[in-house]
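I have placed the structure first, in the form of structure tokens, so that the comments after it can refer back to it.
Just so you know, all these numbers are worked out from the coordinates, no wet-lab data involved. The structure displayed is predicted, hence computed values, not measured ones. Positions of Cβ are generated from backbone atoms using ideal geometry, with glycine treated the same way; all protein chains shown enter the neighbour counts.
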Amino acid sequence: MNYDLSGKTAIVTGASNGVGLSIAKLLCSAGANVVLADNNEVVLNEETQMLKQKGFKVIAFSGDLTKRLTLNNLLAATIDEFETIEILVNGFRQIELSDALDPEKDNFQKLFDLNFMVTFRLSQIVAKKMIIQKETDKSKDCGCIINLSSIADRLILPKSFSYSICSASVNQLTKSLAVALADKGIRVNAIALGSIMSTTLKEMIREDLDLHDQVKDATPLRRIGDTDEAASAVLYLASSLSNFTTGQIITIDGGRTLTENIQVSAY
């Protein structure tokens, strides 16, 4: 039992930058074939090309992931290139502030479609393919699904109520799918991120220079985590080392949720 993913194929959404890109790179290093998917075509193609130059087996797929047809095409492109799919990482997320009391600033449906429905629909599509693969080859490892979530489901801030609800929904989806797919041999887990230097947090710090120290001080380990540290948790869940782990929400936050400081952004 080890972290070797040779011969396995992974789809990673949200893979053009930040945590998603770090996940894609680490899975490549572990030997997996990786499909990098996102809606930022230019950046996605640049990152994928660099991985190809290093000898990794990767392809890029860009499109509007909120569309069912796009998700079907994503799976089709994966199978056309690599024949099978064993790992799905739902890393596609968008974080925006919201106002619960202002109808004109109500972005709940938009964020719900981006942060929950994409994960739900792609999980359905990929799980069905994994089941068919298992029926065709009984000796084959069926597969695993890993969802990215956030500690925002526990650190409830008025200006992020939409994202908090989406995060809680992803966590419940993870547990429900884990039970529904357990007898098919498909493991489903999630990683709740906080105090990680994601692309969003970087942008927020640029706009508010004090935020860096605020997040660091609100984190018991007294630092902001690197995206590679989040990716390492994904590698564990994708590997055989977690074969008896399903329906779990693993928190990677430097201890943020162990304290009661709720005044600092959870991202």
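Please order CYS142, CYS28 by the number of other Cβ within 10 Å, starting at the fewest. Show your work: numbers first, answer last.
Details: CYS142 17, CYS28 22.
Ordered by Cβ neighbours within 10 Å, fewest first: CYS142, CYS28.
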| request: Could you tell me, in Å, what Rg and Dmax come out for the Cα atoms of the chain? | output: 17.9, 56
| task | Once you've got the GNM for the chain with C-alpha springs shorter than 10 Å, pick whichever of VAL35, VAL12, VAL179 has the biggest mean-square fluctuation. | result | VAL179
| task | Could you state the angle between the C-alpha long axis of helix 118-136 and the longest principal axis of the C-alpha atoms of the chain, as a value from 0 to 90 degrees rounded to the nearest 10? | result | 20
| For the chain, modelled as a Gaussian network with Cα springs under 10 Å, which listed residue fluctuates most, GLY194, GLY55, GLY63? | GLY55
| request: Quote to one decimal, in nm, the extra length available between ILE132 and PHE120 on full extension: 0.36 nm per residue of separation minus the C-alpha distance between them. | output: 2.4 nm
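State the antiparallel share, in %, of DSSP beta bridges confined to the chain, rounding to the nearest 5. Don't jump to the answer; show the numbers that get you there.
Values: 0 of 30 bridges.
Once the DSSP bridges in the chain are tallied, antiparallel ones form about 0 percent.
Would you compute, from DSSP H runs of 4+ residues alone, the mean residue ellipticity of the chain at 222 nm, taking -39500 (n - 2.57) per run and dividing by the full residue count, rounded to the nearest 500? Can you show the working numbers first?
Working: 9 runs with 113 residues, N = 267.
The per-residue figure over the chain is -13500 deg cm²/dmol.
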| note | Rounded to whole angstroms and listed largest first, the alpha-carbon spread of region 120-267 along its three principal axes comes to 56, 27, 25
| task | Considering only LEU65, LEU201, LEU97, give the residue with the highest GNM mean-square fluctuation for the chain, with springs between Cα atoms whenever their separation is below 10 Å. | result | LEU97
| query | Can you give me the relative contact order of region 9-258 as a percent, contacts being Cα pairs under 8 Å and 6 or more apart? | reply | 19
| said: Residue by residue through region 9-18, what is 3J(HN,Hα) from phi via Karplus (6.51 cos²θ - 1.76 cosθ + 1.60, θ = phi - 60°)? Round to whole Hz and write x for glycine and proline. | reply: 10, 10, 9, 10, 8, x, 9, 7, 6, x
| remark: Dividing the surface of the Cα convex hull of region 1-118 by four yields a projected area in nm² of 8.4
| field | log₁₀ of I(q)/I(0) at q = 0.18, 0.20, 0.27, 0.28 Å⁻¹ - region 112-189, Debye sum with one point per alpha carbon | value | -0.71, -0.82, -1.20, -1.26
| task | List MET197, MET130, MET50, MET117 from most exposed to least, where exposure is judged by having the fewest other Cβ atoms within 10 Å. | result | MET50, MET117, MET197, MET130
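Report the longest stretch of the chain that contains none of the trypsin sites (Lys or Arg not before Pro) sitting in a DSSP loop with at most 16 other Cβ atoms within 10 Å. Don't skip to the answer; put the middle values down first.
Working: sites that count: LYS54, LYS57, LYS67, LYS138, LYS140, ARG222, ARG223.
The segment 141-221 is the longest one with no such site.
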| query | Taking the Cα-to-Cβ direction at GLU81 and at GLU207 and moving 7 Å from each Cα, how far apart do the two end points lie in nm? | reply | 3.3
| said: As a footprinting exposure proxy, order ASP208, ASP99 by other Cβ within 10 Å, with the fewest listed first. | reply: ASP208, ASP99
